[in-house]
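A short write-up of the structure that comes next.
The values are calculated or read from the model by the stated rules, or taken from the named source; none is laboratory data. Just so it is clear, the model here is predicted, and its values are computed rather than measured. Here the Cβ positions follow ideal geometry from the backbone for every residue, glycine too, while neighbour counts run over all protein chains shown. To get the accessible areas, we keep the full protein, side chains included, count just its heavy atoms, and leave off ligands, DNA and RNA. Shrake-Rupley method; radii C 1.70, N 1.55, O 1.52, S 1.80 Å.
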Amino acid sequence: MGWDAWARRTEVEPSLYAADLSRLGAEIEALVGAGARVFHFDVGDGRFIPEITIGPVVLASISPLVHGFGAVLDCHLMVAEPERHFEAVARAGGDSVTFHVEACDDPPRAIAHARSLGLDVGVSCKPETRVEDAVAAAVGADLVLCMSIEPGYSGQEFQPEAFERIARLRDSLPAEVRVQVDGGVNVETIAGARAAGADLLVAGSAVFWRDDPAAAYRDLVERARGVEP
Ligand code: DX5
Ligand code: ZN
């Protein structure tokens, strides 16, 4: 489909990993009501990260609902051998796959593979990975994801070194490649992340661990919108 068709220039993406999974449909609906159109979906395999998270079975059950709202699912694969899972993600209704550069031995092949399945594609890097490695791997990709926490689980604190890493990514990447940030994005950090150059701002606990996720989402959008890189 192409990111330009489905992501606004600045997009706050609720991360469903932090949602109350017993009420997932209702949580999604409330956020769509608040304006969310891109949902972040975290897949972890217990190998690349210690945690096992949610996967294609959950994705398949929510994708008709999400697509019915005119929204999309941006899938972050925190897994070893990510390419093995692209087809399952596509079949389950994922709209994009972002794989970790640390887990992939042939990024150009992975990017081509994702495209052949009709998926948009991103390349992610952990906090310790050189941003240059992510930039080199991202030729032909739609986005580069800068992790601002160690990938694994929601609710960790934003690592401030990420501001500079985001800025370096923004400077090194072609304008059409989006920069995404994931981890510890909240009312305190979102404006700085946007100012550094992030277009796609993933927020898990700052949305779902609040009394009113829709209001929390709107507040984050407001804070991001007021800032230009
Ligand atoms: C964790 C995931 C994140 C997570 C973010 O590694 O990749 O998407 O849900 O949660 P917060 O926003 O709470 O850091
Ligand atoms: Zn994520």
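Numbers below:
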read-out: Segment 24-68, accessible area per residue, ligands and nucleic acids excluded (1.4 Å, Å²); value: 40
read-out: Size of charge dipole - segment 74-229 - debye, nearest 20, with Cβ of Lys, Arg +1 and Asp, Glu -1, no other charges; value: 220
read-out: Percentage relative contact order, the chain, counting C-alpha pairs under 8 Å, at least six apart; value: 20
read-out: Of all DSSP beta bridges in the chain, antiparallel share, percent nearest 5; value: 5
read-out: nm² value of the averaged projected area, convex hull over the Cα atoms of the chain; value: 10.5
read-out: Cα→Cβ-extended label distance, 7 Å offset, between Trp209 and Val57, nm; value: 2.6
read-out: Share of carbon and sulfur in the accessible heavy-atom surface of segment 153-198 [1.4 Å probe, %]; value: 51
read-out: Spin-label model distance (nm) - Glu176 vs Glu150, 7 Å beyond Cα toward Cβ; value: 3.8
read-out: Estimated distance in nm for a label pair at Arg47 and Arg23, the labels positioned 7 Å out from Cα along Cα-to-Cβ; value: 3.6
read-out: Computed [θ] at 222 nm, deg cm²/dmol, the chain (DSSP H ≥ 4; -39,500 (n - 2.57); rounded to nearest 500); value: -10500 deg cm²/dmol
